[in-house]
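Shown next, in structure tokens, is the structure this report addresses.
The values are calculated or read from the model by the stated rules, or taken from the named source; none is laboratory data. Computed from a predicted structure; not experimentally measured. No Cβ is skipped: glycine too gets one built from the backbone with ideal geometry, and neighbour counts run over all protein chains shown. Just the protein is used for accessible areas: all its heavy atoms, side chains included, with ligands, DNA and RNA removed. Shrake-Rupley method; radii C 1.70, N 1.55, O 1.52, S 1.80 Å.
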Amino acid sequence: MKTIQEIEEIRKKTYQKIALRKNTKEDTREKHILICHGTGCTSSKSPEILSQFQKILKEKNIEHVKVIMTGCFGLCAKGPIVIIRPEDVFYAMVKPEDCLEIIESHIEKGEIVERLLCKDIDGSKVKTLDDLTFYKKQERIVLKNCGTINPENIDEYLAFDGYRALEKVLTSMSPEEVIQEITESGLRGRGGAGFPTGKKWALTKQEEADQKYVVCNADEGDPGAFMDRSILEGDPHTVLEAMTIAGYAIGATKGYIYVRAEYPIAVQRLKIAIEQAREYGLLGEHLLGTDYSFDIEIRLGAGAFVCGEETALLESIEGRRGQPRVKPPFPAQKGLWEKPTLINNVETYANVCQIILKGAKWFSSIGTENSKGTKVFALGGNVQNIGLVEVPMGTTLREIVYDIGGGIPNGRQFKAAQTGGPSGGCIPREHLDTPIDYESLKEIGSMMGSGGLIVMDDTKCMVNLAKFYLEFTVDESCGKCTPCRIGTKRMLEILEKICEGNASLVDLDKLEALAINIEKTAICGLGQTAPNPVLSTLKYFRDEYLAHIKYKQCTAGECKALTSIRINPEECRGCGLCKKNCPVGAIHGEPGTPHHIEKEKCIKCGTCIAKCPFHAIVTKGE
Amino acid sequence: MCDCVEKRIREEVETILEQYVPTKDNLIQILNEVQEKYGYIPKTAQFAISEYLKIPMAEIFGVITFYSRFTLEPKGKYHISVCLGTACFVKGSQKILDRLKERLQLEEGKTSPDGKFSLDTTRCVGACGIAPVFTVNKEVYGHATVKKLDEVLDALENEEEGGK
């Protein structure tokens with residue numbers, strides 16, 4: 001257990017050691033090699049790179065260079081990423097065998113390894129992180145420590161003002177003042193619905209009870225979203241600190257983090273962070289020598305999307321099937337074990353310490369009128385720069401997809417962007433210039449959601465996409481209420497009929513009627529929003545539904561029953577790439593002459609389409 | 001399963017149970033550990049948990065079947081899982097899954113009769129940057145194509161034959 005003075009000492013001492021990472025042009029011989037250890041880069045062997053660097057440095061007896069594991073840098077598509085500070089050189093797609101060259105050339109001779117530099121959107125090689133267009137329009141508040149500190153070292157978190165917000169709250173603010181600050185900042189829930197955070201805190205505070213709880217919802221179930229995971233992996237202490245502040249504000253002494261068991265790295269780092277915080281007296285009894293006590297426990301989820309719904313999550317923490325409760329009473333009144341409970345999402349908590357330190361005024365100066373601050377998006381799908389981006393609210397979709405994301409690869413066209421996952425909707429081309437905030441997205445039939453942002457090019461069939469989401473919902477429906485349990489299943493059956501070319505226009509009417517009914521009658525937020533993918537694609541891409549039904553055609557070429565793959569003889573140069581890559585040997589032809597596909601053998605896997613350098617292979621409606 | 005195996009599992013599960021206070025809210029935490037250890041939740045383990053936490057077997061069965069991470073069937077030597085998260089889906093993971101079903105003659109969630117392969121789908125392993133992905137046991141294969149999958153499967157099948 002440490003006193004405030006001792007903590008301050010650690011801050012100062014550690015800051016001196018790691019100040020060079022803040023990209024200051026300090027004249028120091030020391031260098032830090034930062035290696036991303038997020039899930040993406042870890043999957044592509046970044047731990048091996050780290051040990052390789054350490055081995056070489058040891059062999060060569062180089063002592064002024066340190067190797068550090070960090071959280072996600074964001075540009076996952078270019079992983080594994082290695083950054084060398086203070087000069088801030090950004091190496092992409094590094095392999096363990098590249099380490100020696102980096103050390104010998106960059107570290108020993110001071111010559112940058114050109115071939116490992118990251119290519120920007122225009123194809124030019126870029127030296128530093130700040131030069132990359134990917135980062136130019138971003139503003140990092142939530143992710144400020146991700147990629148800068150070692151998430152498994154509390155001292156490094158402390159060095160960059162870690163636990164200073166908690167110190168401020170415990171020594172100079174009353175619970176009312178904390179809530180006031182959060183309310184004035186305009187922060188809203190980042191889990192999707194956008195409920196004002198300050199109001200939630202105030203509602204939980206006003207309840208009288210012998211025990212209250214603070215819960216962190218880290219059950220990031222939206223497929224294709226990885227914001228919360230990256231925060232937990234890159235900066236776990238900020239979540240712990242914010243939860244402790246929340247506990248002080250509402251009068252709770254116990255907190256739970258409900259996190260997916262599918263995120264082993266995040267769980268591990270949280271465990272380490274909690275241990276370290278307890279050791280320093282930042283969790284446990286009498287925090288920082290004050291009268292306030294607070295402790296946090298981890299609870300693992302077990303793969304149920306519905307547990308992201310707050311009351312289902314509470315059921316799951318209590319050890320039961322994760323089925324939502326009927327609201328009211330809301331968790332603020334009767335939550336965990338019937339006690340008043342505050343539930344916020346990971347990203348919401350990640351904003352709290354900054355608001356306390358820099359003030360509500362600063363925070364509310366960022367963003368739009370009703371949506372303040374920034375939002376982290378997991379940008380994925382058919383876009384050049386796949387990764388994690390944080391932008392101020394009010395940034396347009398076009399800026400995210402084209403300026404940050406680098407546009408659509410392979411010369412394809414933008415068709416739609418999907419936000420909000422299985423609860424959200426598709427945003428078509430004509431709304432690319434909508435400034436993104438909670439209200440504007442709702443207006444155009446989608447929602448903010450937790451932050452998954454999937455870009456789709458013109459080879460994607462919107463009916464098939466709606467079917468994909470309904471499959472997900474049917475799979476994940478908890479079964480408690482009839483509209484969701486049976487209704488979504490019936491919707492899926494109709495969508496399957498449409499994709500197989502067996503539907504009539506009557507089915508389309510049924511689909512729409514069902515969707516509206518489910519929206520109105522399901523008991524939880526997930527059920528009520530389950531029809532959104534269908535409703536929004538019907539709104540913007542009705543033509544596609546009609547083409548499937550009336551003309552038995554899938555123009556995008558994704559619905560297998562309605563397409564065949566053909567080689568256009570006029571475009572084909574006979575290079576043989578398709579033939580070589582066909583997994584079933586269905587393509588025939590002599591080199592230099594147009595090839596053709598044997599229809600009976602073809603499994604319509606699309607490999608040839610992706611491989612053809614001349615775009616000569618197309619899918620066509622039967 | 002012979003008595004000795006059951007006895008061993010029971011003893012092992014009991015050592016897991018000792019680390020937990022016997023309150024109901026620990027059920028999912030315990031099941032997670034058992035699943036991690038055996039790759040499924042053996043009946044013997046369910047009995048042991050039921051006695052320890054004083055929860056009826058039916059309720060435990062209800063919890064196991066509710067959460068997709070828990071399985072009642074042992075997984076194969078090679079557990080192959082295809083990510084069907086949106087990012088992977090958009091990048092064509094359905095084709096990977098179709099090909100796997102065709103080659104292994106397995107449905108999702110099933111294990112081959114010889115126990116060699118089991119097939120599953122998952123919603124997002126978090127490696128969206130290298131989508132589409134599939135995993136074999138804990139190894140992640142990114143930027144997957146049908147051809148790449150075929151190569152991996154060929155290698156696994158040959159290895160099996162060679163090992164015999």
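Among the DSSP beta bridges whose two residues both lie in chain A, what percent are antiparallel, rounded to the nearest 5? Write down the numbers at each step before the final one.
Values: 37 of 64 bridges.
Antiparallel bridges make up about 60 percent of those DSSP assigns within chain A.
Between beta-carbons, use under 11 Å as the cut-off and find the net charge around A:Lys95, counting Lys and Arg +1, Asp and Glu -1. Before the final figure, lay out each step's value.
Numbers: positive: A:Lys45; negative: A:Glu48, A:Glu97, A:Asp98, A:Glu101.
Around A:Lys95, the charge tally is -3.
Shielding by partners for A:378-387, please: the mean number of other protein chain Cβ atoms within 10 Å of each residue's Cβ.
Working: counts 7, 3, 10, 8, 3, 2, 0, 1, 6, 2.
Mean inter-chain Cβ contacts per residue within 10 Å come to 4.
So how far apart, in nm, are the two label points at A:Arg29 and A:Arg115 if each is 7 Å from Cα heading toward Cβ?
3.1
Quickly rank A:223-230, A:197-204, A:286-293, A:340-347 as a protection proxy: mean count of other C-beta atoms within 10 Å, highest first.
On the way: A:223-230: 29.0, A:197-204: 22.1, A:286-293: 15.2, A:340-347: 26.8.
Put in order of decreasing packing, that is A:223-230, A:340-347, A:197-204, A:286-293.
Sorting A:Arg429, A:Arg164, A:Arg29 by accessible area (1.4 Å probe), largest first, what list results? The partial results should precede the final answer.
Values: A:Arg429 110, A:Arg164 70, A:Arg29 170 Å².
Per-residue accessible area, sorted high to low, gives A:Arg29, A:Arg429, A:Arg164.
Collect residues whose amide H, placed 1.01 Å from N in the peptide plane, falls under 5 Å from the amide H of A:Gly74; neighbours closer than 5 in sequence don't count.
A:Leu388
Return the Rg/Rh value of the range B:78-163, two decimal places, where both radii are evaluated on C-alpha atoms and Rh is the Kirkwood radius. The partial results should precede the final answer.
Numbers: Rg = 12.1 Å, Rh = 12.8 Å.
Across the range B:78-163, the Cα-based Rg/Rh ratio is 0.95.
Would you work out the Kirkwood radius for chain B? I mean one over the mean of 1/r across all pairs of different Cα atoms, in Å. Show your work: numbers first, answer last.
Working: mean 1/r = 0.0574 Å⁻¹.
Hydrodynamic radius (Kirkwood, Cα pairs) of chain B is 17.4 Å.
May I ask for the angle, rounded to the nearest 10°, between helix B:146-163 and the longest principal axis of chain B, with both axes built from Cα atoms and the value confined to 0 to 90°?
Long axis of B:146-163 versus the principal axis of chain B: about 60 degrees.
To check my understanding: the extent here is largest minus smallest coordinate of the Cα atoms along each principal axis. What are those three numbers for chain A, in Å, largest first?
Rounded to whole Å, the extents work out to 78, 67, 40 Å.
Could you work out the mean count of beta carbons from other protein chains within 10 Å of each residue's beta carbon in B:62-71? Each step should come with its number before you reach the end.
Working: counts 2, 6, 2, 1, 12, 9, 7, 8, 3, 0.
Per-residue shielding by partner chains comes out at 5.
According to the square roots a ≥ b ≥ c of the eigenvalues of the Cα gyration tensor, what is the shape class of the range B:3-66, taking rounded for a/c under 1.5, prolate for a/b larger than b/c otherwise, and oblate for the remainder? Present the calculation step by step, with values, prior to reporting the outcome.
Numbers: a/c = 1.45, a/b = 1.27, b/c = 1.14.
Rounded shape, in that the Cα axes give a/c under 1.5.
Limiting things to C-alpha atoms, what are the Rg and the maximum Cα-Cα separation (Dmax) for the range A:48-181, in angstroms?
Rg, Dmax (Cα atoms, Å): 18.5, 57.
Quick one: if you stick a label point 7 Å off each Cα along the C-beta vector at A:Asp509 and A:Arg573, how many nm between them?
Here the answer is 5.4 nm between the modelled labels.
Taking the mean number of other Cβ atoms within 10 Å as a proxy for protection, how do you rank A:166-175, A:7-16 from highest to lowest? Write down the numbers at each step before the final one.
Working: A:166-175: 17.3, A:7-16: 15.3.
Result, highest mean first: A:166-175, A:7-16.
Quick check on the protein assembly as shown: helices-only [θ] at 222 nm, where DSSP H runs of length 4 and up contribute -39,500 (n - 2.57) each and the sum goes over total residues. Nearest 500, please. Walk me through the numbers on the way to the answer.
Working: 30 runs with 307 residues, N = 786.
Mean residue ellipticity at 222 nm (helix-derived): -11500 deg cm²/dmol.
Rounded to the nearest 20 Debye, what is the dipole magnitude of the protein assembly as shown about its Cα centre when Lys and Arg each give +1 and Asp and Glu each give -1 at the C-beta?
Values: 102 positive and 111 negative charges, 249 e Å.
Charge dipole of the protein assembly as shown: 1200 debye, to the nearest 20.
Taking the Cβ of A:Cys353 as the centre, find all other residues whose Cβ is under 9 Å away and add up their charges (Lys, Arg: +1; Asp, Glu: -1). Provide the component values of the computation, followed by the final result.
Details: positive: A:Arg164; negative: A:Asp161, A:Glu241.
With Lys, Arg at +1 and Asp, Glu at -1, the neighbours total -1.
Near A:Gly191, within a Cβ-to-Cβ distance under 12 Å, what is the net charge of the other residues, with Lys and Arg +1 and Asp and Glu -1? Present the calculation step by step, with values, prior to reporting the outcome.
Working: positive: A:Arg188, A:Arg190, A:Lys200, A:Lys375; negative: A:Asp219, A:Glu220, A:Asp222, A:Asp228, A:Glu309, A:Glu310, A:Glu347.
Residues near A:Gly191 contribute -3 overall.
If you take all C-alpha pairs in the range A:560-621, what percent of them are over 13 Å apart?
Details: 1023 of 1891 pairs.
Across the range A:560-621, Cα pairs with separations above 13 Å total 54 percent.
What whole-number distance in Å separates the alpha-carbon centres of the range A:432-447 and the range A:56-113?
Comparing the Cα centres of the range A:432-447 and the range A:56-113, I get a distance of 40 Å.
Roughly how large is the B-A contact in terms of buried accessible area, totalled over both chains, probe 1.4 Å, nearest 100 Å²? Could you put the intermediate results ahead of the total?
On the way: alone 9600 and 25480 Å², together 31240 Å².
Buried area (both sides, nearest 100 Å²): 3800 Å².
If the viscosity is 1.002 mPa s and the temperature 20 °C, what Stokes-Einstein diffusion coefficient in µm²/s follows for the range A:154-363 when Rh is the Kirkwood radius over Cα pairs? Each step should come with its number before you reach the end.
Details: Rh = 16.8 Å.
Rounded, D is 127 µm²/s.
For the protein assembly as shown, report the accessible area per residue in Å² (1.4 Å probe, heavy atoms, rounded to an integer). The partial results should precede the final answer.
Working: 31240 Å² over 786 residues.
Using a 1.4 Å probe on heavy atoms only, each residue of the protein assembly as shown averages 40 Å².
Going by average Cβ neighbours within 10 Å, how do the peptides B:33-42, A:524-533 rank, with the highest at the top?
Numbers: B:33-42: 18.3, A:524-533: 24.8.
Final packing ranking: A:524-533, B:33-42.
Calculate the length of the line joining the C-alpha centroid of the range A:144-161 to that of the range A:363-391, in whole Å.
Between the Cα centres of the range A:144-161 and the range A:363-391 lies a distance of 22 Å.
Mind giving me the FRET efficiency for A:Asn370 and A:Ser172? R0 is 41 Å, r the Cβ-Cβ distance, nearest 0.05 is fine. Mind dumping the intermediate values first?
Values: r = 30 Å, r/R0 = 0.74.
Here the calculated transfer efficiency is 0.85.
Mean 1/r over all different Cα pairs, inverted: what Kirkwood radius does the range A:464-576 give, in Å? List each step's numbers first, then the result.
Numbers: mean 1/r = 0.0664 Å⁻¹.
Result for the range A:464-576, one decimal place: 15.1 Å.
Inside 10 Å of the C-beta atoms of B:22-32, what's the mean count of C-beta atoms belonging to other chains? Before the final figure, lay out the partial values.
Numbers: counts 0, 2, 3, 9, 2, 4, 13, 7, 1, 4, 6.
Mean partner shielding for this stretch: 5.
What length, rounded to one decimal in nm, is gained on full extension from A:Glu87 through to A:Asn410, with 0.36 nm per residue of separation minus their alpha-carbon distance? Intermediate values should be presented prior to the final figure.
Working: separation 323, 0.36 × 323 = 116.28 nm, distance 3.33 nm.
In short, 112.9 nm is gained.
A:Ile516 to A:Ile272: extension gain in nm, 0.36 nm per residue of separation minus the Cα-Cα distance?
Details: separation 244, 0.36 × 244 = 87.84 nm, distance 4.66 nm.
Length difference between fully extended and current span is 83.2 nm.
Roughly how far apart, in whole Å, are the Cα centres of the range B:131-158 and the range A:549-582?
Rounded to whole Å, the Cα centres lie 25 Å apart.
Checking the table A:Lys45/A:Lys109; A:Lys539/B:Lys91; A:Lys22/A:Lys361; A:Lys31/A:Lys55; A:Lys550/A:Lys620 against a 18 Å threshold on Cα-Cα, which pairs fail? Don't skip to the end; give the middle numbers.
Details: A:Lys45/A:Lys109 27 Å; A:Lys539/B:Lys91 24 Å; A:Lys22/A:Lys361 25 Å; A:Lys31/A:Lys55 16 Å; A:Lys550/A:Lys620 16 Å.
The pairs that break the limit, which is 18 Å between Cα atoms, are A:Lys45/A:Lys109; A:Lys539/B:Lys91; A:Lys22/A:Lys361.
Quantify, in whole percent, the carbon and sulfur part of the accessible surface of the protein assembly as shown (1.4 Å probe; protein heavy atoms only). Don't skip to the answer; put the middle values down first.
Details: 15500 of 31240 Å².
That share works out to 50 percent.
State, to one decimal in nm, how far the label point of A:Glu430 lies from the label point of A:Tyr551, with both points 7 Å from Cα in the Cβ direction.
For A:Glu430 paired with A:Tyr551, the spin-label model returns 1.9 nm.
Under 5 Å between amide hydrogens, which residues at least 5 positions from A:Gly367 or on another chain qualify, with H placed 1.01 Å from N in the peptide plane?
Correct list: A:Gly373, A:Met393.
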